[in-house]
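Below is one structure, written out as structure tokens; comments come after it.
The values are calculated or read from the model by the stated rules, or taken from the named source; none is laboratory data. Since we're looking at a predicted model, the values are computed, not measured. When we count neighbours, we look across all protein chains shown, and the Cβ atoms used for this are built from the backbone with ideal geometry, even at glycine.
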Amino acid sequence: MSLVNLIDLPVLGDDRGSLVAIEAMDTIPFEVKRVYYIFDTKAGVSRGFHAHHQLQQLAVCVSGKCRMRLDNGQTKEDVWLDSPSKGLLIGDMIWREMHDFSEECVLLVLASEHYDEADYIRDYDEFLKSVNQ
Ligand code: TYD
């Protein structure tokens, strides 16, 4: 199964412009407890470099683009988030890195849980040990 699980977010456009609505337990398969967004990322900076024990997320570049690298400990896959209608689902125990942010990039993330630093795995060797055990 592909690591890259994209959701084609429905665009409710009319002659005034475009609108995307994301409904919990409908468009995405989880309840949303937290929303955050990453913006003003400096040139050449990469982010992420962690996995989560138990967290479902949807990531979408609502403006600009970035390259998301997903890694399950055996396979790595890259995907460009380059459209406000392109949502990427990221589940448990997936190492993620974000690279090549465009200047105007706003990366919106919907998350199934509140922020909990204890849920993070920030050490790649520890991640590999956990997924391969
Ligand atoms: P971090 O997870 O390191 O960002 P990224 O994975 O995108 O590189 O988060 C940066 C800082 O923000 C860190 O101190 C934790 C804090 N933070 C919160 O307080 N709440 C949140 O929901 C998130 C995602 C991060």
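The table that follows gives values for the structure above.
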{"item": "Checklist (1) within 14 Å of the chain's Cα centre (by Cα); (2) without any contact (Cβ under 8 Å) to a residue 60 or more places away in the chain; (3) farther than 21 Å from Ser130 by Cβ applied to Gly48, failing item", "result": "(3)"}
{"item": "All positions within the stretch 39-56 that are more than 10 Å from the ligand (Cβ to nearest atom) and of a type in the set (S, T, N, Q)", "result": "Gln54, Gln56"}
{"item": "Scan of the stretch 60-76 for residues that are within 13 Å of His99 (Cβ to Cβ) and under 13 Å from the mean Cα position of the chain (by Cα), ordered by number", "result": "Cys61, Lys65, Cys66, Arg67, Met68, Arg69, Leu70, Asp71"}
{"item": "Residue in the stretch 116-133 that is among the hydrophobic types (A, V, I, L, M, F, W, C), touching a residue at least 12 places away in the same chain (Cβ under 8 Å), out of contact with any Cys (no Cβ under 9 Å at 6 or more places or on another chain) and closer than 17 Å to Asn5 by Cα present", "result": "no"}
{"item": "Which numbered condition Lys129 misses (of (1) farther than 18 Å from Leu9 by Cα; (2) within 15 Å of the ligand (Cβ to nearest atom))", "result": "(2)"}
{"item": "Qualifying residue in the stretch 30-47 (condition: buried (at least 18 other Cβ atoms within 10 Å of the Cβ) and in a strand (DSSP E or B))", "result": "no"}
{"item": "Residue in the stretch 89-96 that is within 29 Å of Val131 (Cβ to Cβ), out of contact with any Asp or Glu (no Cβ under 9 Å at 6 or more places or on another chain) and small (Gly, Ala, Ser) present", "result": "yes"}
{"item": "Some residue of the stretch 1-21 being within 16 Å of the ligand (Cβ to nearest atom), basic (Lys, Arg) and over 13 Å from the mean Cα position of the chain (by Cα)", "result": "no"}
{"item": "Cross-chain or 6+ apart pairs with Cβ under 7 Å, the stretch 1-20 first and farther than 15 Å from Ser83 by Cα and modelled with pLDDT under 95, then polar (S, T, N, Q) and not in a loop (DSSP other than H, G, I, E, B)", "result": "none"}
{"item": "Residue check for Leu55: surrounded by 19 or more Cβ atoms within 10 Å (Cβ to Cβ), in a strand (DSSP E or B) and either in contact (Cβ under 8 Å) with a residue 40 or more places away in the chain or of a type outside the set (A, V, I, L, M, F, W, C) (or both)", "result": "no"}
{"item": "Residue count for the stretch 89-133, restricted to those that are within 16 Å of the chain's Cα centre (by Cα), outside any strand (DSSP E or B) and closer than 11 Å to Gly73 by Cβ", "result": "2"}
{"item": "Selection count, the stretch 58-95, where residues are closer than 15 Å to Leu6 by Cβ and surrounded by 19 or more Cβ atoms within 10 Å (Cβ to Cβ)", "result": "12"}
